[in-house]
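Asks: Got a structure for you, questions after.
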Amino acid sequence: MITVKDLHKKFEDNHVLRGVNYHVHQGEKVVVIGPSGSGKSTFLRCMNLLETPTSGEIWVDGVNITDSKTDIDKVRQHLGMVFQNFNLFNNLTIMNNITLAPAKLGLMSKEEASENALKLLERVGLTEKADAYPSQLSGGQKQRVAIVRSLAMNPRVMLFDEPTSALDPEMVGEVLDVMKGLADSGMTMVVVTHEMGFAREVGTKVLFMDEGVIMEENTPQEFFNNPKSPRLKEFLSKVL
Amino acid sequence: MHEWFQKVSVMFEAAFITGDRWKLYLNGLGVTLEIAFFAAILGMVIGTLLAFMKLSVRRNGKKSILVVLANVYIDVIRGTPSVLQLMIMWFIIMANSKNGVLVAILSFGINSGAYVAEIVRAGILAVDNGQMEAGRSLGLSKVQTMIYIIIPQAVKNVLPPIGNEFIVLLKETAIVGYVSLTDLTRVANQIASRTYEAFMPLIGAAVIYFIVIKILTILLAKFERRLRKSDNR
């Protein structure tokens, strides 16, 4: 589904990614953990080209998205992205947040998009907020809407960039529940997070990133119970 | 008391009534408003264009020729007095033009454009980058995200300083007397020199400017409130 080959990313002198190789299979739930500054967010953001790789290749569904001839907008339609800071469109109602892209990109009519949006909002229990503006919602509600907004595009993969890091503790659960539901429905997911419980429970693969490389990857069982590298042992001892 | 009142009313009559002088103020105000209105529109068009030129940074992060051109324009216009710009336009560039008002509109519009450019640019930059990222990640193009997401939010940011710019522009037109156009300020000055009495015409003109700008301020505030409806918490 997504193949990353020898990915490097430099921000001026800061060498953030130093040769990342990975393959995400259909239906997998890949959870990426690691200390801050390890490059895990950059890795995720490269997958839909929000960051342009310095070198290396990324293939999504057989398309090389790092090729400058690729129409990245087309590829992104199938790659949902959820941000740490929600990034709901502040000037639009919740309904219009969800219907804007499907309608403007001609994937469905405005009516179909609205109908679809209401169904999706019902799934996350926010139907009554359809006409509200983002500023009237709590953080947890915003993030649930942000997930719905991505789902409205019928993505084949969902990317999550620390989706619960900006939330009050009591709101983390409601967002994780939605993500769990999504995982159960068979969605392919790549999740950068600090929620170890989520990684253990929902992940099919857990990656540990440090200093710009994937240091260790394993099933959640092995990953948490039997860490191999000393760096991961040290990290887990701090966070668990 | 009675004597004072009589004196004032004589002054008032000389300044506004005799020979239907109030019509002169109205004509002057008409010239002022005509110049300010069209110059403001021209300034908005030029300024928006310049702002987008300045924001057109290439993918590799290098400045494009558009950025350089916009910077030169803004530097030159902001670095010279507007009276001089007006006189250069009137006596040199458009010396053959008979339409003084048109020359003034062009001169003030070109001047205002440089200031509006920075206002618009700041308004766009003030919109959180995450909004653009969210739009792009949904598959919308840069232009689509600009039109549906960034610009509507930037308009709200821009409104207060743009209102300020309109007000400054309106008052700045008082210098058109330098190129012998008869705007409100010049009318007041001419009547003062004819009646040998400066108080009434000058204060009168000041009051008229004040009222016009007060109305403009109220309209802008109304407009701003309407745009802010998505902000109520």
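The values are calculated or read from the model by the stated rules, or taken from the named source; none is laboratory data. In this text, all values refer to a predicted model and were calculated from it rather than measured experimentally. Neighbour counts are summed over all protein chains in view; Cβ atoms, including those assigned to glycine, are modelled from backbone coordinates with ideal geometry. Ligands, DNA and RNA are excluded from the accessible area calculation, which covers all protein heavy atoms including side chains. Shrake-Rupley method; radii C 1.70, N 1.55, O 1.52, S 1.80 Å.
Asks: About its Cα centre, how strong a charge dipole does region B:25-231 have in debye, to the nearest 20, once Lys and Arg get +1 and Asp and Glu get -1 at the Cβ? Show your work: numbers first, answer last.
Replies: Values: 20 positive and 11 negative charges, 129 e Å.
Using Cβ point charges on Lys, Arg, Asp and Glu, region B:25-231 gives about 620 debye.
Asks: I would also like to ask the following. Taking one equal scatterer on every alpha-carbon of the protein assembly as shown, how large is log10 of I(q)/I(0) by Debye at q = 0.07, 0.10, 0.12 1/Å?
Replies: Debye curve over Cα of the protein assembly as shown, log10 I(q)/I(0) at q = 0.07, 0.10, 0.12 Å⁻¹: -0.54, -0.84, -1.04.
Asks: What ³J(HN,Hα) values, in whole Hz, does the Karplus curve 6.51 cos²θ - 1.76 cosθ + 1.60 give for region A:63-73 when θ = phi - 60°, with x put for Gly and Pro?
Replies: After applying 6.51 cos²θ - 1.76 cosθ + 1.60, I find 10, 7, 6, 7, 6, 5, 7, 6, 7, 5, 4 Hz.
Asks: Please list the non-local residues whose amide H lies under 5 Å from the amide H of residue A:54, H modeled 1.01 Å from N, same-chain partners needing a gap of 5 or more.
Replies: A:8, A:9, A:10
Asks: Right, here's the next one. Per residue of B:126-137, count partner chain C-beta atoms within 10 Å of its C-beta, then hand back the mean as an integer. Mind dumping the intermediate values first?
Replies: On the way: counts 0, 2, 3, 1, 6, 5, 2, 8, 14, 6, 7, 18.
Taking all residues of B:126-137 together, the mean is 6.
Asks: Let me ask another. To the nearest 10 degrees, how steeply does helix B:199-227 sit against the main Cα axis of chain B, on a 0 to 90 scale?
Replies: 30
Asks: Of the residues A:128, A:57, A:112, which exhibits the maximal mean-square fluctuation in a Gaussian network model of chain A defined by a 10 Å Cα contact cut-off?
Replies: Sorting by GNM fluctuation, first place goes to A:128.
Asks: I would also like to ask the following. When the solvent-accessible surface of protein heavy atoms is calculated with a 1.4 angstrom probe, in what order do B:207, B:158 fall, highest first?
Replies: Values: B:207 70, B:158 20 Å².
Sorted descending by solvent-accessible area, the residues read B:207, B:158.
Asks: How big is the equivalent ellipsoid of region A:10-153 along its three axes, where each semi-axis is √(5λ) from the Cα gyration tensor, reported in whole Å from largest to smallest?
Replies: Values: eigenvalues 188, 68, 37 Å².
Calculated on Cα positions only, the semi-axes equal 31, 18, 14 Å.
Asks: Separate question: Starting from the Cα gyration tensor of region B:25-231, take the square roots of the eigenvalues, sort them a ≥ b ≥ c, and report rounded, prolate or oblate (rounded when a/c is under 1.5, otherwise prolate if a/b is larger than b/c, else oblate). Please report the intermediate quantities before stating the final value.
Replies: Numbers: a/c = 3.47, a/b = 1.74, b/c = 2.00.
Note, shape of region B:25-231 comes out oblate.
Asks: For region A:164-240, what does the equivalent ellipsoid look like in terms of its semi-axes, each the square root of 5 times an eigenvalue of the Cα gyration tensor, given largest first in whole Å?
Replies: Output for region A:164-240: semi-axes of 23, 15, 11 Å.
Asks: Solvent-accessible area of residue B:115, probe 1.4 Å, all protein chains present, reported in Å² to the nearest ten, please.
Replies: The value for residue B:115 is about 90 Å².
Asks: Hey, another quick one. Could you point to the residue in B:26, B:131, B:79 farthest towards the positive end of region B:25-231's charge dipole, with +1 and -1 charges on the Cβ of Lys/Arg and Asp/Glu respectively?
Replies: Working it through, the farthest residue towards the positive pole turns out to be B:131.
Asks: Of the accessible area of the protein assembly as shown, with the probe set at 1.4 angstrom, what percent is carbon plus sulfur?
Replies: On the way: 13460 of 23300 Å².
Looking at the protein assembly as shown in its full context, I get 58 percent from C and S.
Asks: Enumerate the calculated ³J(HN,Hα) couplings along region B:174-186 in order (Karplus 6.51 cos²θ - 1.76 cosθ + 1.60, θ = phi - 60°), each rounded to whole Hz, writing x wherever the residue is Gly or Pro.
Replies: 4, 7, 5, x, 4, 10, 6, 9, 9, 8, 4, 5, 5
Asks: Moving on. Tell me, what is the percent relative contact order of region B:1-87, built from C-alpha pairs under 8 Å that lie six or more residues apart?
Replies: On the way: 22 pairs, mean separation 11.4, N = 87.
Relative contact order comes out at 13 percent.
Asks: Under 16 Å Cα to Cα from residue A:119, which lysines show up? Leave out anything in the same chain fewer than 8 places away.
Replies: Here the lysines satisfying the reach criterion relative to residue A:119 are A:110, A:129.
Asks: May I ask for the Kirkwood hydrodynamic radius of region A:36-118, worked out over all distinct Cα pairs and given in angstroms to one decimal?
Replies: Numbers: mean 1/r = 0.0676 Å⁻¹.
About 14.8 Å for region A:36-118.
Asks: Roughly how many nanometres apart are two label points built 7 Å out from the Cα toward the Cβ at residue A:69 and residue A:166?
Replies: Here the modelled spin labels are 3.8 nm apart.
Asks: Starting from the amide H of residue A:32, placed 1.01 Å from N in the peptide plane, find each other amide H under 5 Å away whose residue is 5 or more places distant or on another chain.
Replies: A:191, A:192, A:193, A:207
Asks: Set the Förster radius R0 to 51 Å, insert the Cβ-Cβ distance between residue B:2 and residue A:135 as r into 1/(1 + (r/R0)^6), and round the FRET efficiency to 0.05.
Replies: On the way: r = 63 Å, r/R0 = 1.23.
Working from the Cβ atoms, E equals 0.25.
Asks: Also, I was wondering about something else. Provide the per-residue ³J(HN,Hα) series for region B:148-164, in order, calculated from phi with Karplus coefficients 6.51, -1.76, 1.60 and θ = phi - 60°, each as a whole number of Hz, with x at glycine and proline positions.
Replies: 8, 10, 6, 5, x, 6, 5, 4, 5, 5, 7, 4, x, x, 5, x, 4
Asks: Taking both sides together, what accessible area is buried at the B/A interface, probe 1.4 Å, expressed in Å² and rounded to the nearest 100?
Replies: On the way: alone 14240 and 11170 Å², together 23300 Å².
Between B and A, the summed buried area is about 2100 Å².
Asks: From other protein chains only, count the Cβ atoms within 10 Å of every residue's Cβ in A:31-42, then give the mean.
Replies: On the way: counts 0, 0, 0, 0, 0, 0, 0, 0, 0, 0, 0, 0.
Partner Cβ neighbours, averaged per residue: 0.
Asks: Which residue, B:84, B:102, B:159, tops the fluctuation ranking in a GNM of chain B built on C-alpha contacts under 10 Å?
Replies: Of the options given, B:84 has the highest mean-square fluctuation.
Asks: Obtain the radius of gyration and the Kirkwood radius of region A:82-240 from its C-alpha atoms and give Rg over Rh. Show your work: numbers first, answer last.
Replies: Details: Rg = 17.4 Å, Rh = 16.9 Å.
In region A:82-240, Rg relative to Rh is 1.03.
Asks: Please list, ordered by chain and number, the residues whose modelled amide H lies under 5 Å from the amide H of residue A:132; skip anything fewer than 5 residues away on the same chain.
Replies: So residue A:132 has HN proximity to A:94, A:95.
Asks: Treating the angle as unsigned and between 0 and 90°, give the value, to the nearest 10°, between the Cα long axis of helix B:100-125 and the longest Cα principal axis of chain B.
Replies: So the inclination is approximately 40 degrees.
Asks: How would B:170, B:55 rank on accessible area, largest to smallest, probe 1.4 Å?
Replies: On the way: B:170 15, B:55 45 Å².
Final ranking, largest accessible area leading: B:55, B:170.
Asks: Let me ask another. Please go through the residue pairs A:142/A:205; B:171/B:222; A:40/B:62; A:9/A:142; A:29/A:69 and name each one whose alpha carbons sit more than 24 Å apart in this structure. Kindly include the intermediate steps, with their values, before the conclusion.
Replies: On the way: A:142/A:205 28 Å; B:171/B:222 22 Å; A:40/B:62 28 Å; A:9/A:142 31 Å; A:29/A:69 30 Å.
Pairs exceeding the cut-off: A:142/A:205; A:40/B:62; A:9/A:142; A:29/A:69.
Asks: With a 1.4 Å probe and all protein chains kept in place, how much accessible area does residue A:78 have, in Å² rounded to the nearest 10?
Replies: Near enough 70 Å² of accessible area.
Asks: Also: At a probe size of 1.4 Å, how large is the accessible area of residue B:4, to the nearest 10 Å²?
Replies: 150
Asks: How far apart, in nm, are two points set 7 Å out from the Cα along the Cα-to-Cβ line at residue A:229 and at residue B:68?
Replies: About 4.6 nm, to one decimal.
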